[in-house]
Every structure is written in C-alpha cells, then in structure tokens.
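The values are calculated or read from the model by the stated rules, or taken from the named source; none is laboratory data. The model shown is predicted, which means the values in this text are computed figures rather than measured ones. No Cβ is skipped: glycine too gets one built from the backbone with ideal geometry, and neighbour counts run over all protein chains shown.
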Amino acid sequence: MRPGDPDIVFQSYGRCCNRDTFFVDFYDCFMAKSEAIRQVFKKTDMSNQRHLLRNGIMQLVLHARGLPDTKLKALGESHSRRGYNIQPHHYSDWLDALLQTLEKHDPYFCPDTRAAWIRAITPGIEKIKNAY
Ligand code: HEM
C-alpha cells in the first residue's frame with residue numbers, strides 16, 4: 001500500500017456509499033458472476049444485506065487506515081466453513097464486482113483510484129478469506 005491510498009479510497013467510497021443504488025448494483029453485478037454465488041444468497045434478505053455491506057466495506061477501508069482488525073476477524077469467522085462456508089475462490093469475483101460498481105458510480109474513478117482500492121483493501125479481504 002502507498003501512503004496516499006487510504007485517503008483516495010476513503011474519498012472514493014464517500015462519493016459512492018450514500019447512494020442506495022450503489023449497493024443494489026453491487027449485488028446485481030456480484031450475483032451475475034455465477035450460479036454458485038446466486039445460490040449462496042438464495043435465502044438472504046437483500047435489502048438488509050445491502051445495509052450490512054455498507055459497513056463491511058467501511059471496515060476494509062478503516063483497516064487500511066490502521067484500525068484494529070477485530071471486526072474483520074468476526075467477518076472471517078462468519079464467512080468461514082464454521083459459518084456461511086464461503087469458498088475462498090469467490091473473493092476475486094467479490095473484488096471484481098466492487099471495482100466494476102465503483103467505476104460505475106464514482107465520477108472521478110480512474111486507473112490510479114482503481115489501483116489504490118486494490119492495494120488498500122486486499123490485506124483486509126485476505127484476512128477474511130484466510131480465516132476459512
Ligand atoms: C454476510 C461483508 C464477501 C456471502 C455479510 C455481512 C457483512 C459481509 C458485513 C453481515 C455480517 C455477518 O453476517 O457477518 C463481506 C465483505 C466481503 C464479503 C466485506 C469481502 C471481503 C462475501 C462473499 C460471499 C459472501 C465472497 C459469497 C460468495 C455472505 C453471506 C452472508 C454474508 C451468505 C450472510 C447472508 C444472510 O444473512 O443471509 N458479509 N462479505 N460474502 N456474506 Fe459477506
């Protein structure tokens with residue numbers, strides 16, 4: 001991660017996360033990736049899930065800013081084989097869907113913003129994924 005990344009990402013997320021359609025579009029995009037992903041959310045109340053994700057992405061961003069990883073550890077546990085049993089290979093589709101949705105909603109999105117997002121949140125995503 002580079003020194004300016006957390007600020008770039010924080011501002012980019014600020015331009016996106018106040019629109020409900022951002023989270024609607026994220027899940028449309030994520031679920032379009034595979035039948036397996038659609039199956040995982042078959043019984044989920046998606047309107048509640050969209051609210052929870054707003055905070056989940058914020059946790060990844062705050063982790064990049066150096067906040068302790070207590071919340072990410074809890075997400076790692078809930079997504080692990082002891083919880084929702086989310087296979088680790090789904091996380092690359094998750095990141096792809098996030099980047100596609102950011103590109104759609106952030107008017108200032110550019111290759112540098114994209115790279116900053118990837119560098120900033122990959123460590124947090126790895127934490128959740130590696131708890132599997
Ligand atoms: C629930 C965030 C990746 C499937 C949640 C919740 C949050 C969250 C905040 C609600 C809190 C909880 O139940 O622990 C994230 C973040 C991810 C991620 C930040 C990426 C790093 C994934 C992936 C999948 C997935 C890749 C599946 C392909 C689920 C399911 C639930 C859930 C099934 C529970 C839904 C329900 O209650 O019915 N996630 N998630 N998540 N997530 Fe994720």
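For segment 12-30, residues that are modelled with pLDDT of 95 or more, surrounded by 14 or more Cβ atoms within 10 Å (Cβ to Cβ) and more than 9 Å from the ligand (Cβ to nearest atom) total 11. Scanning segment 70-85 for residues that are within 12 Å of the ligand (Cβ to nearest atom), in contact (Cβ under 8 Å) with a residue 24 or more places away in the chain and either of a type outside the set (Gly, Ala, Ser) or touching a strand residue (DSSP E or B) at 6+ places or on another chain (Cβ under 7 Å) (or both) yields Leu72, Lys73, Leu75, Glu77, His79, Tyr84.
Would you confirm whether or not segment 103-123 contains a residue that is of a type outside the set (D, E, K, R), under 20 Å from Ile37 (Cβ atoms), near the ligand (Cβ under 9 Å from one of its atoms) and buried (at least 16 other Cβ atoms within 10 Å of the Cβ)? Yes, some residue in segment 103-123 is of a type outside the set (D, E, K, R), under 20 Å from Ile37 (Cβ atoms), near the ligand (Cβ under 9 Å from one of its atoms) and buried (at least 16 other Cβ atoms within 10 Å of the Cβ). Just wondering, is there one or more residues in segment 45-54 that are in contact (Cβ under 8 Å) with a residue 40 or more places away in the chain, closer than 16 Å to His79 by Cα and touching a helix residue (DSSP H, G or I) at 6+ places or on another chain (Cβ under 8 Å)? No, that holds for no residue.
Quick test of your reading of the structure: Gln39 fulfils all but one of (1) under 16 Å from the mean Cα position of the chain (by Cα); (2) surrounded by fewer than 12 Cβ atoms within 10 Å (Cβ to Cβ); (3) in a helix (DSSP H, G or I). Name the failing condition by number. The one condition Gln39 does not meet is (1). Residues being near the ligand (Cβ under 10 Å from one of its atoms), outside any helix (DSSP H, G or I) and at positive phi are entirely absent from segment 86-98. Being surrounded by fewer than 13 Cβ atoms within 10 Å (Cβ to Cβ), at pLDDT 95 or above and among the hydroxyl-bearing types (Ser, Thr, Tyr) is a property that Ser92 has.
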